[in-house]
Amino acid sequence: MSRRSLLRTLGTGAVAALAAGCGVPAAYVAPGDRSRSDLSATDKRLTWANWPLYIDTDDEDESRRPTLDAFGKRTGIAVTYTEEINDNDEFFGKISPSLMNHQETGRDLMVISDWMCARFVRLGWVQEMDRSRQPNVTKYLDPQLRSPAFDPGRGHTVPWQSGITGIAYNRRTVGREIRHVSDLWAGDLKGRVTLLSGLDEAFALLMQGNGVDITKWTADDFHTMCEQVEKLVRTDHIRRFTGNDYIKDLSSGDVLACQAYSGDVIQLQADDPDIEFVVPEEGAELWSESLMIPNLARHKANAETLVDYYYEPTVAAELAAWVNYVCPVPAAQDILASAKDKDTAALAEDPLIFPDTAMRERLTIARDVTANERTEFAKRWNAIAGL
């Protein structure tokens, strides 16, 4: 099971989170109010919130995390690692009261999806990182991920792992190649197609199928896409909208083609090599889930040191071999390629972990849904998806 298999794209905290993130006048925190005295020099510890199954673990003892254990031995910094993030909106709802009221969250580092990171950056709820403590990030961060629109220069965020939202299908049962988003709407796939249920997870690929430049999509582009999907729902072409349970549907054969995440498909292919992942000719969305240091964190320097440690190519390679998402450190590819274990070395040639040049030309980072757009757009999309 992959980490994203546990992701619920819209959680119980979504409504509250939207209200908190879209128009609370007192929510913004000015730069001068984001930091507090850093205890890192004398208090060698930090607390890190992450998603389940999103770090390497020891095969014989799942309580051990080899890369994290090695960091502690090297630096003397003790890391309290919590797998408490199961949903972006739910986590937002959990810590937003503290952040908007200028209180500590109890966390020094956290990993959330970039579309949610955009909200934190916009509200001034995360601190700028000191790149003088992060030479590996400066040197090795994937150029394609260096400057998203919501955080130019990545001053407040650093990608933990990246991935692609594309199309997965069973080549054996479909009987032909799928190369375009429009191929999902072929008559013989009626009732055997699923789309992702979350607005932020689904919209970009569907717009790309219409030839839209998702770096500057418009409200008209969004509503055109919604009209198309509404028609496909009315005609029962779309079987349903899913979280990560599309994995079960695709494996069982109930679904022949679906919107999917690259990392999930790598693991599905281990059991069924006929399952293919496609970056459509029109392109696909490249996304990240990123590390951030929340306001008033008491161990900021320790957190920055940890972030930089994971950008060492050898460490990044060890992590990539376990999580199987797009590695944000391209230099890790050569490390994996030199591995003595054949299966590990083969990962270096997997374009879903290290996209090749041809694939990269079709990958785009979508502009985010803005605060002003979110309430209207989420209402329409959720009605279509039955949320």
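The values are calculated or read from the model by the stated rules, or taken from the named source; none is laboratory data. Everything numeric in this text was worked out from a predicted model, so none of it was measured. Here the Cβ positions follow ideal geometry from the backbone for every residue, glycine too, while neighbour counts run over all protein chains shown. Remember, those area values only see protein heavy atoms, side chains included, never the ligands or the DNA or RNA. Shrake-Rupley method; radii C 1.70, N 1.55, O 1.52, S 1.80 Å.
Restricting to the range 98-107, count the residues that are touching a residue at least 60 places away in the same chain (Cβ under 8 Å) and open to solvent by 10 Å² or more (accessible area, probe 1.4 Å).
Residues meeting the conditions: 6.
Select from the range 291-319 the residues that are of a type in the set (Gly, Ala, Ser) and in contact with a Phe, Trp or Tyr (Cβ under 8 Å, 6 or more places away or on another chain) and write down the one among them that is nearest to Met129 (Cα to Cα).
It comes out as Ala303.
List, please: which pairs have Cβ atoms under 7 Å, are six or more places apart or on different chains, and start with a residue in the range 336-360 that is touching a residue at least 60 places away in the same chain (Cβ under 8 Å) and end with one that is of a type in the set (S, T, N, Q) and part of a helix (DSSP H, G or I)?
Leu352/Ser262; Arg360/Gln144
Quick one: which residue in Thr357, Thr344 is among the hydroxyl-bearing types (Ser, Thr, Tyr) and open to solvent by less than 70 Å² (accessible area, probe 1.4 Å)?
That would be Thr344, the only listed residue that is among the hydroxyl-bearing types (Ser, Thr, Tyr) and open to solvent by less than 70 Å² (accessible area, probe 1.4 Å).
Any residue that is more than 26 Å from Ala320 (Cα to Cα) and open to solvent by 50 Å² or more (accessible area, probe 1.4 Å) - is there at least one of those in the range 271-278?
No, the range 271-278 contains no residue that is more than 26 Å from Ala320 (Cα to Cα) and open to solvent by 50 Å² or more (accessible area, probe 1.4 Å).
Quick grid of which residues meet (1) at pLDDT below 95; (2) under 30 Å from Ile214 (Cα atoms); (3) touching a helix residue (DSSP H, G or I) at 6+ places or on another chain (Cβ under 8 Å); (4) open to solvent by 10 Å² or more (accessible area, probe 1.4 Å):
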position	(1), (2), (3), (4)
Leu46	no, no, yes, no
Asp58	yes, no, yes, yes
Asp69	no, no, no, yes
Asn86	yes, yes, yes, yes
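Just need a number here: residues in the range 155-182 that are part of a helix (DSSP H, G or I) and in contact (Cβ under 8 Å) with a residue 40 or more places away in the chain.
Qualifying residue count for the region: 5.
Considering only the range 361-387, how many residues are charged (D, E, K, R), open to solvent by less than 60 Å² (accessible area, probe 1.4 Å) and not in a helix (DSSP H, G or I)?
2
Pick from the range 183-197 the residues that are touching a Lys or Arg at 6+ places or on another chain (Cβ under 9 Å) and in contact (Cβ under 8 Å) with a residue 60 or more places away in the chain: which of them is most open to solvent (accessible area, probe 1.4 Å)?
Ranking the qualifying residues of the range 183-197, first place goes to Arg192.
Inside the range 73-116, can you point out the residues that are assigned to a loop (DSSP other than H, G, I, E, B) and of a type in the set (Val, Ile, Thr)?
Matches in the range 73-116: Ile77, Ile85, Thr105.
Here's the yes/no breakdown for (1) part of a loop (DSSP other than H, G, I, E, B); (2) of a type in the set (Lys, Arg); (3) open to solvent by 30 Å² or more (accessible area, probe 1.4 Å):
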{"position": "Lys231", "(1), (2), (3)": "no, yes, yes"}
{"position": "Asp236", "(1), (2), (3)": "yes, no, yes"}
{"position": "Phe241", "(1), (2), (3)": "no, no, yes"}
{"position": "Ser251", "(1), (2), (3)": "no, no, yes"}
